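What follows is one structure encoded as structure tokens, with my remarks underneath.
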């Protein structure tokens, strides 16, 4: 709210965050009548907004407003008896609003589960199911051969009352449950979740299977000595060095104090694995929060965390917003991973918010990675973080040897050199498993006509369509467009269509024919669309039988596969010459992470990297297994170029159905920024406006204006003024703009 406006005093005023794109808070009068007399900040309220009623969040109660009393409307209802968030979390969310230059109402809406955004109760009633009559045996016989129904009826008889979620977790579908209800065999009633009570700290056995080595012991001791106050630790350990064991030892100390632990992982695929490991280790309730849950499952986990019933909360990016009754520790596993940065809407970094949350809640934050981000390494170098290093693998496992295989002058068979195929056969013959990595989904990235040179391209994006064989189709991996495979060239009508390049499907087909007696398991977003299927696939791998895993980034993130002895990277050259300045950093992290999947148990590990640029300094550093050397070199280059972490970036994006509409809008923003910089922001530099590297996506042209500054405060102040300018200037129809602070993706 502009400070230049006169403030009038009207008695009690509610200041609320409304889920709208407007960058301001709104003033309302108290409700005419309400059973809740003094709502606390962080409480949900229902407010009239135009001709709608919306659920907003109360931020403050004051006595002044810039609006006349006649223009103020009363709040329609107060939904919560208690605030949903602590004062510390309110400060975190308000900080995020300011830092990421995003509308406050949308920030608070993002932090709430979808059920709560629609005004539903914070403690949803659960449908509890029991048998309508006893005994159960005659009813089982009456069901005859309906095996699933018989099994579910017996499950309910043994565990009654049970919830829908318990039935689903036991493997029964909603349809089977409905069949029993239709046959009038069950009764149902609504009841509050019995688990919503604070967990009681239980003693944890001191007899551990694993003994900490000296590096793990030093890291553990350093962290537990600071548990009573805010501190941020960078746990920098080579793959397989036992970072998770250090996490769990620290978490044990936190849980024994009756406090809760929040653990963030980068992928949904890691959540079940981590969940199972922690459930096996700890006696307290452990819950997960991620996008694969239903609204009801997510609300229940959120409530268990908020009430203090869950001792450990494991989740992906959005779990950073979950309220905790007694926060004690935040762990960010694989802290370098780009998926911790939200790329649409409210573009926050969960890693950076975790640090702010740790500071506000006065608790420890542990960032773990085998390949720390340059930002975290720089913070460790200047003393903001405590740098803890695990330089050797835990137990008897040794770091896998990395071999650079120059294929520049070799004839490849479906992307494989003869040497690599020999090594794959050798490791499989020894009864081990092999991982083949390529960061490209589909069958092949190009469909082309040999007669006229036509290439299949997406009409909505500046991108080529990828050929998929299962099911046969052409797909755009940017706008998700799907098209049938053409029988002939649409340009010359010729039938000489062929594919170029390779994707996971093509590799899967080739390896299945090359090694017909060995299972080939493909792991990408096309093959494992459900957590159940992903778990089934990983169960096959953990069974230990020889197999070949073919996959994308999903395989590179923290998985423990003891029988993999060979990891092969088919094309390491893509990141060497990326248009994104972070390209080499991301490529190096991927290579090290993939290499870390090999040789994690008693089986010696080997890593083969195929490249046409074997002499490149980046690959040579990684071949020596020295990520620290590579990172130091890259930090020096970034300092010379004045790029992050030695400078601060923000990206203003604009998109529209026509390119020049978006360009002209950003030209106006640049002109306004130049005028402001002439007076007060001389240190801020600009690049653009220019078309984005991917100029067109989903039918809209994309442009961007990059801002760079050595001083974060100057950049933030300028962005605040530019956002006010963009929000209030006249905008062309169908133009959309956004601000991305600390962008991870410049494409």
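The values are calculated or read from the model by the stated rules, or taken from the named source; none is laboratory data. Note that this is a predicted model, so its numbers are computed, not measured. Cβ atoms come from the backbone with ideal geometry, glycine included; neighbour counts cover every protein chain shown.
Against the test of being in contact with a helix residue (DSSP H, G or I) (Cβ under 6 Å, 6 or more places away or on another chain), outside the structural domain of residue 547 (by TED's automatic domain parsing) and either over 22 Å from residue 554 (Cβ atoms) or surrounded by 15 or more Cβ atoms within 10 Å (Cβ to Cβ) (or both), the options 469, 460 yield a single qualifying residue, 469. Total residues in the stretch 42-62 satisfying the condition of being surrounded by fewer than 15 Cβ atoms within 10 Å (Cβ to Cβ) and in a loop (DSSP other than H, G, I, E, B): the figure is 2. Here residue 581 meets the list (1) at pLDDT below 85; (2) surrounded by fewer than 16 Cβ atoms within 10 Å (Cβ to Cβ); (3) on the phi > 0 side of the Ramachandran plot almost entirely, failing just condition (3).
Inspection of the stretch 90-100 finds no residue satisfying the criterion of being crowded, with 21+ Cβ neighbours inside 10 Å and assigned to a strand (DSSP E or B).
If the condition is being more than 23 Å from residue 696 (Cα to Cα) and either outside any loop (DSSP other than H, G, I, E, B) or touching a helix residue (DSSP H, G or I) at 6+ places or on another chain (Cβ under 6 Å) (or both), then the stretch 477-499 contributes 497, 498, 499.
Of all the criteria given as (1) touching a strand residue (DSSP E or B) at 6+ places or on another chain (Cβ under 7 Å); (2) modelled with pLDDT under 90; (3) farther than 24 Å from residue 340 by Cβ; (4) not in a strand (DSSP E or B), the one not satisfied by residue 667 is (2). Give the stretch 63-81 a look and list any residue that's under 15 Å from residue 26 (Cβ atoms) and either free of Cβ contacts under 8 Å to residues at least 24 places away in the same chain or assigned to a strand (DSSP E or B) (or both), or say none. Passing the criteria: 64, 65, 71, 74.
The criterion of at least 1 residues that are more than 17 Å from the chain's Cα centre (by Cα) and in contact (Cβ under 8 Å) with a residue 40 or more places away in the chain is met, among strands (runs of 3 or more DSSP E) falling completely within the stretch 240-319, by 260-264, 312-315. For the condition assigned to a helix (DSSP H, G or I), modelled with pLDDT of 80 or more, in contact with a helix residue (DSSP H, G or I) (Cβ under 8 Å, 6 or more places away or on another chain) and buried (at least 20 other Cβ atoms within 10 Å of the Cβ), residue 566 does not qualify. Of the candidates 662, 714, the single residue that is in a helix (DSSP H, G or I) and within 19 Å of residue 100 (Cβ to Cβ) is 714.
Number of residues in the stretch 336-347 that are within 25 Å of residue 236 (Cβ to Cβ) and over 11 Å from the mean Cα position of the chain (by Cα): the value is 1. Could you tell me whether residue 129 is touching a helix residue (DSSP H, G or I) at 6+ places or on another chain (Cβ under 7 Å), within 24 Å of residue 157 (Cα to Cα) and assigned to a helix (DSSP H, G or I)? For residue 129, the condition - touching a helix residue (DSSP H, G or I) at 6+ places or on another chain (Cβ under 7 Å), within 24 Å of residue 157 (Cα to Cα) and assigned to a helix (DSSP H, G or I) - is not met. Scanning the stretch 49-84 for residues that are closer than 22 Å to residue 327 by Cβ and in contact with a helix residue (DSSP H, G or I) (Cβ under 7 Å, 6 or more places away or on another chain) gives a single hit, 57. The residue of the stretch 7-23 that is modelled with the lowest pLDDT, among those that are surrounded by fewer than 15 Cβ atoms within 10 Å (Cβ to Cβ) and touching a helix residue (DSSP H, G or I) at 6+ places or on another chain (Cβ under 8 Å), is 8. Candidates 304, 270, 324, 262: the one that is more than 30 Å from residue 119 (Cβ to Cβ) and either at pLDDT below 85 or not assigned by TED's automatic domain parsing to the domain that holds residue 109 (or both) is 270.
Look at residue 746 and say whether it is surrounded by 15 or more Cβ atoms within 10 Å (Cβ to Cβ) and over 25 Å from the mean Cα position of the chain (by Cα). No: the conditions fail for residue 746. I'd like the full set of residues that are touching a residue at least 40 places away in the same chain (Cβ under 8 Å) and within 21 Å of the chain's Cα centre (by Cα), limited to the stretch 94-111. Within the stretch 94-111, 95, 96, 99, 100, 101, 102, 106, 107, 108, 109, 110, 111 qualify.
Any idea which residue in the stretch 680-697 is farthest from residue 458 (Cα to Cα), counting only those that are in a loop (DSSP other than H, G, I, E, B) and out of contact with any helix residue (DSSP H, G or I) (no Cβ under 7 Å at 6 or more places or on another chain)? Before the answer, list the steps.
Initial filter on the stretch 680-697 (in a loop (DSSP other than H, G, I, E, B)): 680-684.
Add one more test, that the residue is out of contact with any helix residue (DSSP H, G or I) (no Cβ under 7 Å at 6 or more places or on another chain), and what stays is 680, 682.
On the way: 680: 45, 682: 42 Å.
Here the answer is 680.
On the given criteria, is residue 417 more than 25 Å from residue 305 (Cβ to Cβ) and modelled with pLDDT of 95 or more? Judged against the criteria, residue 417 is not a match.
Residues in the stretch 377-389 that are over 19 Å from residue 591 (Cα atoms) and crowded, with 19+ Cβ neighbours inside 10 Å: 378, 379, 380, 385, 388.
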